[in-house]
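Peer 1: Before I ask anything, here is the structure I am working with.
Values in this text are rule-based calculations from the coordinates and carry no lab data. Since the structure is predicted, the reported quantities are computational estimates derived from the model, not experimental observations. Cβ coordinates were reconstructed from backbone atoms using ideal geometry, including for glycine residues, and neighbour counts include every protein chain displayed.
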Amino acid sequence: MADSVRTNFSILDLATFQADNDIRTSFQNSLDLAQHAEKWGYTRFWLAEHHNMPGIGSAATSVLIGYIAGGTSTIRVGAGGIMLPNHPPLVIAEQFGTLETLYPGRIDLGLGRAPGSDRLTAHALRRGVNTEESFPRQVQELLDFLAPAVPGQKLLAVPGCGTNVPIWLLGSSTFSAQLAAVMGLPFAFASHFAPDLLYPALELYRKYFRPSIYLDRPYTMVGLPIIAADTDAEAQRLATSPAQRFLNLIRGKPLYTVPPVDSMNGLWSTEEQSLVESKLGVSVIGSLETITAKLKAFQQKTEADEFIMTSDLYHHADRLRSYELAAAAMKSIQMVTQ
């Protein structure tokens with residue numbers, strides 16, 4: 001990586017909540033986090049579409065984006081992402097065209113092709129049987145709806161037409177990496193929960209990238225779980241909350257945020273431990289000094305243009321502190337590399 005490259009840093013939020021907590025509180029906490037993130041220098045604050053998942057409150061993603069954007073001033077707010085096969089492209093163009101009209105120059109639209117749900121929920125969302133196979137066509141259709149109208153165009157997204165909301169492609173495999181490359185769009189890899197194909201996906205995206213009207217050079221974003229605290233020991237203890245949450249995911253249980261524990265011993269089998277640790281394999285855990293070294297090494301290895309961080313901790317104050325320390329670490333890295 002060239003010394004002059006600056007790696008931006010952002011937040012991915014799921015509006016997570018506890019079993020004994022109301023969802024409204026999680027929304028208020030998300031807004032509070034976004035307001036702090038704006039002061040700490042984060043580039044963007046994204047929310048992700050998930051359905052039928054108790055513990056995750058960001059199902060109505062565009063509505064929540066409006067709430068966060070309305071309570072902040074400068075930070076970019078967007079979807080990381082909208083699962084496009086769940087929706088008609090026209091509807092998404094209208095929703096994000098409305099958001100861009102209300103908050104000009106601050107809205108992002110990241111797109112995924114997974115359902116973001118189980119089969120029962122997919123049926124309730126009226127997903128077609130071949131929706132993922134038609135994803136490239138849906139992306140192009142959405143881009144066309146957000147572009148300026150052409151002479152004689154009869155179907156318009158109002159609002160939406162001409163807003164040119166920036167579109168990102170998201171993925172946890174090489175499919176979206178290659179699609180983003182040939183379409184000339186920025187690419188975000190979900191290594192915060194699926195790191196196995198991170199480096200092949202980045203390599204393919206950079207190799208086959210074609211400059212477009214949207215982007216003149218490749219732009220990569222990498223998902224990164226981060227748990228930072230004042231000491232390494234405290235960070236390791238706090239990290240047991242997301243570990244337990246991921247354990248519940250693979251067991252098919254609700255995804256409520258749970259308190260940290262002193263040890264995971266006895267809470268998981270050897271096989272479950274191996275799976276959870278592999279899925280959270282790029283986690284950055286530790287004190288400010290520790291995470292600074294880890295982030296710098298990861299930056300050099302991935303050459304990412306941007307990190308998008310997740311820090312789903314039980315106590316809101318711990319989550320704020322984690323992101324505050326992460327911002328301090330990223331700024332210290334930038335001071336060295338610039």
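Peer 1: I want to check the label-to-label distance for Gln18 and Asp32. Put each point 7 Å from Cα in the C-beta direction and report it in nm to one decimal.
Peer 2: 1.2
Peer 1: Let me test this: with uniform point scatterers at the alpha carbons of the stretch 271-319, what is the Debye-based log₁₀ I(q)/I(0) at q = 0.31 1/Å?
Peer 2: So the normalised log intensities work out to -1.15.
Peer 1: For the stretch 175-245, take N as its residue count and report Rg(C-alpha) divided by 2.2 N^0.38 Å.
Peer 2: Relative to the 2.2 N^0.38 Å estimate, the stretch 175-245 comes out at 1.46.
Peer 1: Would you kindly state how much longer the chain becomes between Arg251 and Ala293 on full extension, computed as 0.36 nm times their sequence separation minus their alpha carbon distance, in nm to one decimal?
Peer 2: 11.7 nm
Peer 1: Given a cut-off of under 8 Å on Cα pairs at least six residues apart, what relative contact order in percent is computed for the chain?
Peer 2: 19
Peer 1: Another question, if that's okay. May I ask for the Kirkwood hydrodynamic radius of the chain, worked out over all distinct Cα pairs and given in angstroms to one decimal?
Peer 2: Mean inverse Cα-Cα distance, inverted, gives 20.4 Å.
Peer 1: Dipole of the chain, Cα-centred, from +1 at each Lys and Arg C-beta and -1 at each Asp and Glu C-beta, to the nearest 20 debye?
Peer 2: Working: 27 positive and 32 negative charges, 122 e Å.
It works out to roughly 580 debye.
Peer 1: Using Cα springs under 10 Å in a Gaussian network model of the chain, which residue among Gly223, Gly252, Gly81 shows the largest mean-square fluctuation?
Peer 2: Maximum among the listed residues: Gly252.
Peer 1: Please give the charge dipole size of the stretch 295-338, origin at the Cα centre, charges +1 on K and R Cβ atoms and -1 on D and E Cβ atoms. Round to the nearest 20 debye.
Peer 2: Details: 5 positive and 6 negative charges, 35 e Å.
For the stretch 295-338, the charge dipole is close to 160 debye.
Peer 1: Assign one of three labels to the stretch 197-338, namely rounded, prolate or oblate, based on the Cα gyration tensor with a ≥ b ≥ c the square roots of its eigenvalues; rounded applies when a/c is under 1.5, prolate when it is not and a/b is larger than b/c, and oblate otherwise.
Peer 2: Oblate shape, in that a/c is at least 1.5 and b/c is the bigger or equal ratio.
Peer 1: For the peptides 184-191, 15-22, what is the packing order when you average, over each peptide's residues, the other Cβ atoms within 10 Å and list the highest mean first?
Peer 2: 184-191, 15-22
Peer 1: Right, here's the next one. Place +1 on the Cβ of every Lys and Arg and -1 on the Cβ of every Asp and Glu in the chain, take the dipole about the Cα centre, and give the residue among Gln153, Met53, Tyr103 whose Cα lies farthest towards its positive end.
Peer 2: Towards the positive end, the residue furthest out is Gln153.
Peer 1: Considering Cα pairs under 8 angstrom that are at least six residues apart, work out the relative contact order of the stretch 215-338 and quote it in whole percent.
Peer 2: Reported relative contact order: 41 percent.
Peer 1: Ok, one more. Please arrange Trp46, Trp168 by how many other C-beta atoms lie within 10 Å of their C-beta, fewest to most.
Peer 2: Fewest-to-most Cβ neighbours within 10 Å comes out as Trp168, Trp46.
Peer 1: If you don't mind, there's one more thing I want to ask. Hey, what number do you get for the chain at 222 nm if only DSSP H runs of n ≥ 4 count, each worth -39500 (n - 2.57), divided across all residues, to the nearest 500?
Peer 2: It lands at -13500 deg cm²/dmol.
Peer 1: Compute the FRET efficiency between Thr174 and Glu271 as 1/(1 + (r/R0)^6), taking r as their Cβ-Cβ distance and R0 = 30 Å, and round to the nearest 0.05.
Peer 2: 0.65
Peer 1: What is the antiparallel percent of DSSP beta bridges lying wholly in the chain, to the nearest 5?
Peer 2: Once the DSSP bridges in the chain are tallied, antiparallel ones form about 5 percent.
Peer 1: Can you list residues from other chains, or at least 5 along the same chain, whose modelled amide H is less than 5 Å from the amide H of Gly81?
Peer 2: Glu49
Peer 1: If you plug each phi of the stretch 83-97 into the Karplus form 6.51 cos²θ - 1.76 cosθ + 1.60 with θ = phi - 60°, what whole-Hz ³J(HN,Hα) values come out, in order, with x for Gly and Pro?
Peer 2: 7, 4, x, 6, 9, x, x, 4, 5, 5, 4, 5, 5, 7, x
Peer 1: Could you tell me the center-to-center distance, by alpha carbons, between the stretch 58-83 and the stretch 279-321 in angstrom?
Peer 2: Result: 22 Å between the Cα centres.
Peer 1: Also, quick follow-up: Helix 135-146 versus the longest principal axis of the chain: what angle, 0 to 90°, nearest 10, using Cα atoms?
Peer 2: Roughly 70 degrees, rounded to the nearest 10.
Peer 1: Estimate the FRET efficiency between Phe193 and Ala328 by the formula 1/(1 + (r/R0)^6), using the beta-carbon distance for r and 41 Å for R0, to the nearest 0.05.
Peer 2: 0.95
Peer 1: Once phi is turned into ³J(HN,Hα) by the Karplus curve 6.51 cos²θ - 1.76 cosθ + 1.60 with θ = phi - 60°, what whole-Hz value does each residue of the stretch 274-279 show in order, with x for glycine and proline?
Peer 2: Those phi angles translate into 4, 5, 4, 5, 6, 6 Hz.
Peer 1: So which lysines can Lys301 reach, going by Cα to Cα under 26 Å and dropping same-chain residues fewer than 8 places off?
Peer 2: Excluding near neighbours in sequence, the set is Lys207, Lys279, Lys331.
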